[in-house]
Each structure stands twice: as C-alpha cells, then as structure tokens.
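The values are calculated or read from the model by the stated rules, or taken from the named source; none is laboratory data. Note that this is a predicted model, so its numbers are computed, not measured. No Cβ is skipped: glycine too gets one built from the backbone with ideal geometry, and neighbour counts run over all protein chains shown. In case anyone asks, the SASA skips ligands and DNA or RNA and just uses the protein heavy atoms, side chains included. Shrake-Rupley method; radii C 1.70, N 1.55, O 1.52, S 1.80 Å.
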Amino acid sequence: MRTIAPILLVSMMLIPGCAPVQRLPGEASMVRPSGLRPIFPSQVRCPGIASPFGSQTRYDGSARPRWSFGGYHGGIDISLAEGTPLLALSAGTVVSKGEGGQLEGIYVWLRHSPENTGLTYWVYSKYQHLQSLPELAIGARVAAAEVVARSGKTGTVGGYYGLAGYPHLHLTTLKSASGDQIVGSRGETRGANLIDPLVIYHDAGIALPTSVDPALRKDEVRIPYATTDGQVWPAGTRVVWPVACEPVK
C-alpha cells in the first residue's frame, strides 16, 4: 500500500480507551488499534476482518514489515475470492483511481459528504488490490451499497505472497473537516486523518434494533449491511459494510 504522506495524521476518535493515531513528518507511523470489534447480526453471514486496523500481523499471523506504518496496519483486510463485488460504504463521488505498485495494486478513492453518511465530518474511502480498474469515471456519483469494483490480488503477487498473491480488499478510510480535495488525481493525499473504518460505523450513531441480538459492549460495533439479494439493514441506513452479506435461511 502506498504510504499516506506527507499529511499529519492525528485521530479524532472519541471512543474511550482508543489510542491516538499519529503520523508526524519524518517520523515512523504511530497507527494503533482502535479497540473496536465488529458485530454482525445473526440473521446474516458477512465477510469478516482478516487483519484489523493497527494489527502488527497479516491475515495468516505473519509479522508486517516495519517500513510500512512502523509495522502497523493502516486499514482493514477482508479476505475474498477474486471478483467479489465491492460496495460503496456510503453514497459519494469517485475522486481518484489508478494502479500503484507492490502492496497497493489497482485502487479507487471515494469521497463521502456528511449529507451522505449522516456524520459530522467528510470521509474518504480507498479500495485496494482490485481485480481491474473500475469503469466508473472520476466525478461519478455512487449510491450506498452500489458495486464500485471487484476484489482482486493486484499489488500482492510476488514478494511475501509469492506468485499466488493474496486476493482481498484492503480498505483505508480518512476523515476530514472539509470537503476540499484531499485526494489528488494520482491518489496522493493531504490534510486528513487516518482512522479505523470501524469508527465510521460507530460514529454513524445508527439506532440499530437491539432485540435482534444481545446488547453490545462498549468496544463492540453492530455493522449495518446490504445483502446479496439487494436488501439493506436497517432500513434507511446511510452506511453499509463494503461487501454484501448472505442471509441465513
């Protein structure tokens, strides 16, 4: 994954016990786990997180390289078969797409306004290791749960993963106080804060039904989602998991 530079990354997370996310110019990244855990309602099966934000290990338990964010994971990984549809986590606009090198692969950036998400800040989401370059044009509008790309293994073939690569979605999320162009045409970023994607679902403050599953603990986040048959839960949600869930029959 391309290092997010040269921005100053300081988390604005309001979750008790969360370590701050910092990246000072010229210093190693201080990405740390948020302490949040995703909880998926029992009526669906959703692709879970294989390597969480701030993790020092890959999905298989191996150590991450120290030269990338100081050895800490700057996003979340979801292991997926190649070609799995990837969904816009909220309504938004395509602001950049392209193909990076090793650890990044083909990517697309989306920008989500507070009106899109219901949050008090702007969100930028980056989908990496895509199977192919999305057909969506720069400036195109997307709806929440709309398919924006398909999972792949670009940027993972060779190196640690060998010729087989590792098919998955790496999702990076930034937050910004303004809708200024944070992401450039070549995928470069500036003036935003790197956060755990789970913070977005937490901060959305969605009144999810509590009768479906037991009450949540402080560190748990119940995840809103879209299903493979096109349903969205709960009704009216503005944010969804980036991969569709299978209804349990």
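General remarks:
- Filtered by the rule that a residue be touching a helix residue (DSSP H, G or I) at 6+ places or on another chain (Cβ under 9 Å) and open to solvent by less than 40 Å² (accessible area, probe 1.4 Å), the range 61-87 gives SER62, PRO65, GLY75, ILE76.
- Among the residues listed as ALA145, ALA137, ALA192, the single one being open to solvent by 40 Å² or more (accessible area, probe 1.4 Å) and touching a residue at least 12 places away in the same chain (Cβ under 8 Å): ALA137
- Across the range 148-189, the qualifying residues are those that are closer than 22 Å to PRO47 by Cβ and without any contact (Cβ under 8 Å) to a residue 12 or more places away in the chain, and the one among them that is least open to solvent (accessible area, probe 1.4 Å) is TYR161.
- Identity of the residue in the range 125-134, surrounded by 22 or more Cβ atoms within 10 Å (Cβ to Cβ) and not hydrophobic (A, V, I, L, M, F, W, C), that ends up farthest from the chain's Cα centre (by Cα): HIS129
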